[in-house]
Amino acid sequence: MSKQSKPLSRGRIAVAVALSCLPLAFHATPALAQTGKSAQINVGAPVTLGATIVSGQTSVQFTLPVSALDGFRLQATVPVPDVTLTLIDPSGTPRLLPGDAGVALLEGSTLSPPLPGRQFLTPEITNPADGDWTLRFDFPASPHATAAVVTVLSRTPVQVGLALTGQVFRVGQPVPLGLLAVNNGQPIGGLSPTLTISKPGSPTTVLQAVDSGQATDFDGKAGDGIYSKGTTFTEPGNYQVLGEASILLPGGQLARRSAQASIDIVPANYTFGSISGVINRGTANCVASLDVNTAGSASLAGDYATVATLRSPSGKTVVKRTGATLTAPGALNTSTRFTAAEIRTQLAEGGVFTVDPLDVLNFISGQPWLELRKASAYSFPSIALSQLCADPIEINASATVAAPLRGKFIGQLDFTLPIRVTTAGAYQVSFKVIDNKGVEVGQFGLSPNLAVGSNNVSASVLANRLQSSDGPFTIDSVLVVSGGRSAQASRVPVTASDFSRWQFFPTITSDLNGDGAVGAADRDIVLQSRGQVPRIPGDRRDINGDGKIDLLDAREIVNRQCSAGACPKN
């Protein structure tokens, strides 16, 4: 009777990518040396295989298909008395025989507590021939039922691994699957991998994975070595996912690689009902907001969230989340609102706005579960930007900065904050500028005259205020007032403002720590930065301006030593 061996565990993948380099199959051979059917299983670096041994069995055998490996070695535990190891290459030539001096042997009886059988550790088999290798263990009739365990540690620069976003998914949820292929850590292009999905009692599905960068293929980026495809499961259960690829090596050798994992598909908890959109009107029939309403039901109580992404014609997005708590199973209805101000400032264009995607999340033990993802869930009729209602005062969601030079250094930072108003006139605008540690570098109170529509309010921070500050910078505590109208914003990020303190025009040449003196502390900063590439434009640590930060700059600081109050200012 033939007995098929199985992995001792499901080998579920909880990380994003598990690299595999050796396509291994194995089978167990019971008494009378009958041969079982080979079964493809998950592989990795290392990978552990298991085979059951029944009472009275006299041998167990593993088949190891090898393809384009630099080497491999084996570690095995066989808990039966007087077991021996034999390794045979694809030509039938024994490479390791019982009693081989190169095989490390540990008797279980010497352990504490004593264990039956033996543990083996083979030497590395370098440049192994391609084909099926046979690993066989022989022993007197086993006195009991047990299992043999073999760990394969393989070495090769050509590896593949399954790229999964999780290990548990819902019925009806799109599941992205991927296979990463690398050679010496670099992505391999031009492959045609397959992803085979199987479950006992169900038809096998084979997907052709592609590295296209197309959302329809569930592929995030073309040319990154991750070949992707997505599928939707209609039945719960434990599924095996097998990724396989044939890789042509530079010398013409064909390397076959595979990786396998299991994923659990559990019954759907959320049932989608409908989605609708509402255009809310304001004064003079302008569009005040867009509401996205969803209706559905959940079979579990708990915390839920609907995440709606409003997408503009050019692909810009605004993402809003609406939470809901169910104390008992039942209806789960949510409404998510996108205001005209959000659309105007963050999307800054009109046209057909689409909800893409719509996600429903369930928080279990604080962790989000994706219950539903619906692409292109809803489209609003075309809305021109001029149709959107405008608040009397709107502060833009981001600011910009210019960095004019003074010589080879940045002489000042000119910040620009866009503000939109519906009434022309005099306004009071106040705000602070802070660095990446929250230190204030400038405080402003301005009185600009603003026109109807978009306006730019600007303020400058000179380099002498920036000697100890790094970006990115933020405009903080914004307040805009005119008559009885006002608007405020706590923090407005400044785009492209990741400047370094070393780039600002020096108040005192060689005063790097900003204490008004030039001395040992400044020299130490140069020594700590020695060998770094100076920043462009300008780097105050490159004292002599030769394009290097080195001992010559430290020597220049020594030559320029001066005490606070006595140092010449630029």
Query raised in the report: Shape call for segment 119-224 from the C-alpha gyration tensor, a ≥ b ≥ c root eigenvalues: rounded (a/c under 1.5), prolate (a/b greater than b/c) or oblate?
Result: oblate
Query raised in the report: If the chain between T204 and T151 were fully stretched, how many nm would it gain, using 0.36 nm times the residue separation less the Cα-Cα distance?
Result: 16.2 nm
Report summary line: To the nearest Å², the heavy-atom accessible area per residue of segment 311-392 with 1.4 Å probe amounts to 50
Report summary line: Candidates for Kirkwood radius over Cα pairs in Å are [x] 24.7; [y] 29.5; [z] 30.1, and the calculated one carries label [z]
Query - Cleavage-rule hits, trypsin sites (Lys or Arg not before Pro), segment 245-327, DSSP coil, Cβ neighbours within 10 Å at most 15 - result: K316
Report summary line: For segment 34-155, dividing by residue count, accessible area per residue (probe 1.4 Å) in Å² works out to 44
Query raised in the report: Where the accessible area of the chain is counted over protein heavy atoms with a 1.4 Å probe, how much of it, in %, is carbon and sulfur?
Result: 52
Report summary line: Residue separation between V481 and K221 times 0.36 nm, minus their alpha-carbon distance, gives in nm 89.0 nm
Report task. Tell me the label-point distance for the pair L300, K320, using the 7 Å Cα-to-Cβ offset, in nm and rounded to one decimal. Result -> 2.8
Report summary line: Heavy-atom accessible area per residue of segment 506-569, all protein chains kept, 1.4 Å probe, expressed in Å², is 54
Query raised in the report: What aspartates and glutamates sit close enough to K432 to cross-link, taking a C-alpha to C-alpha distance under 20 Å and skipping anything fewer than 8 places away on the same chain?
Result: E394, D414, E440, D470, D476, D498
Requested in this report: Obtain the nm distance between the two label points defined at L385 and T495 by a simple spin-label model: each point lies 7 Å from its Cα along the Cα-to-C-beta direction.
Outcome: 1.3
Query raised in the report: With Cβ to Cβ distances under 12 Å as the rule, what net charge do the other residues near N570 carry (K, R +1; D, E -1)?
Result: +2
Query raised in the report: So which aspartates and glutamates pass the test for K408, namely a Cα distance under 14 Å, with those fewer than 8 places away in the same chain ruled out?
Result: D539, D542, D546
Report summary line: The pairs in K221/K320; K199/K320; K316/K548 lying past 32 Å Cα-Cα in this model are K199/K320; K316/K548
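The values are calculated or read from the model by the stated rules, or taken from the named source; none is laboratory data. In this text the structure is predicted, and so the values were computed from the model without any measurement. Quick reminder, even Gly has a Cβ in these numbers, built from the backbone with ideal geometry, and neighbours come from all protein chains shown. Side chains are part of the model used for accessible areas, which takes the heavy atoms of the whole protein and leaves out ligands, DNA and RNA. Shrake-Rupley method; radii C 1.70, N 1.55, O 1.52, S 1.80 Å.
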